[in-house]
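The values are calculated or read from the model by the stated rules, or taken from the named source; none is laboratory data. Remember, it's a predicted structure, so these values are computed and weren't measured experimentally. FYI the Cβ positions are ideal-geometry reconstructions off the backbone, even for glycines, and counts take in every protein chain you see.
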Amino acid sequence: MKKVLVMSIVLFVFVAGCDSLRFAPSEVQKQNAYLHNRTAMMAAELAEDEGGSNKLQNLAKLSEFQSRSFVSYCGLPKEFPRAETAEDVLSESNLDITNNAISDSGQRPDMWSLADSGLELAIGICALIGGVYGTKAVAFLKQAKVKSQALKEIIEGNELFKKMNADKVEQFKQAQEDQSVETKKIVAELKS
């Protein structure tokens, strides 16, 4: 029963992938959220002070209100960037923060490291449980970890071969035609 549960978890990690997983907001993302809120506040004040249309003023107020959720979600930064004036907000250093935050926001956990971490966690839990079943589960999970590493190396090697031998890609694919549908599906998901 435990073996089935562990295999289900490992299979879920491989099949589900990491697209829906994200890293916690970084310091630069927290700074960017704070800057966004300050920018929206200033834009709302400026729209009102300069007598912008009601529509513009309402949009700016809504933007400021919406930006509060970004700060709440990300959390406050440890070090606040200068943002007292419009000139501060528009400074080169704050534009750098925004560019770095955009870069950070696109990062996702590597599927292989996630699976490896999941297996390590499962091994640790099974070791704590102990007993005959715990010992058997640890041995099984260690073997699964070795097999996962082997699969990673095979897939990376195959991809490298295809890059280095572009003229042989079709022959390579033909050699893989006899794989089961399940294997092809797993490999395709692991590559993406």
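Given the structure, is LEU160 closer than 30 Å to LEU46 by Cβ, out of contact with any Asp or Glu (no Cβ under 6 Å at 6 or more places or on another chain) and at pLDDT 80 or above?
No.
ALA60 - would you say it is in contact (Cβ under 8 Å) with a residue 60 or more places away in the chain, hydrophobic (A, V, I, L, M, F, W, C) and in a helix (DSSP H, G or I)?
no
Which condition from (1) assigned to a helix (DSSP H, G or I); (2) of a type in the set (A, V, I, L, M); (3) touching a helix residue (DSSP H, G or I) at 6+ places or on another chain (Cβ under 7 Å); (4) exposed (fewer than 13 other Cβ atoms within 10 Å of the Cβ) is the one that ILE123 breaks?
Condition (4) is where ILE123 drops out.
Looking at region 71-80, which of its residues are part of a helix (DSSP H, G or I), of a type outside the set (Phe, Trp, Tyr) and surrounded by fewer than 12 Cβ atoms within 10 Å (Cβ to Cβ)?
Within region 71-80, just SER72 meets the criteria.
Only one of these is loosely packed, with under 12 Cβ neighbours inside 10 Å and modelled with pLDDT under 95: ALA83, ALA24. Name it.
On the way: ALA83 fails: loosely packed, with under 12 Cβ neighbours inside 10 Å.
Criteria check complete, one pass: ALA24.
Within region 83-120, which residues are part of a helix (DSSP H, G or I), in contact (Cβ under 8 Å) with a residue 24 or more places away in the chain and of a type in the set (Asp, Glu)?
Within region 83-120, ASP104, ASP116, GLU120 qualify.
Can you name the number of the only condition in (1) without any contact (Cβ under 8 Å) to a residue 40 or more places away in the chain; (2) closer than 30 Å to VAL28 by Cβ; (3) among the hydroxyl-bearing types (Ser, Thr, Tyr) that THR135 fails?
The number of the failed condition is (2).
So that you can scan it fast, the table gives a plain yes or no per residue for (1) of a type in the set (Lys, Arg); (2) touching a residue at least 40 places away in the same chain (Cβ under 8 Å); (3) closer than 18 Å to MET111 by Cβ:
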{"site": "ILE154", "(1), (2), (3)": "no, no, yes"}
{"site": "GLU159", "(1), (2), (3)": "no, no, yes"}
{"site": "MET164", "(1), (2), (3)": "no, no, no"}
{"site": "LYS168", "(1), (2), (3)": "yes, no, no"}
{"site": "PHE172", "(1), (2), (3)": "no, no, no"}
{"site": "GLN179", "(1), (2), (3)": "no, no, no"}
{"site": "ILE186", "(1), (2), (3)": "no, yes, yes"}
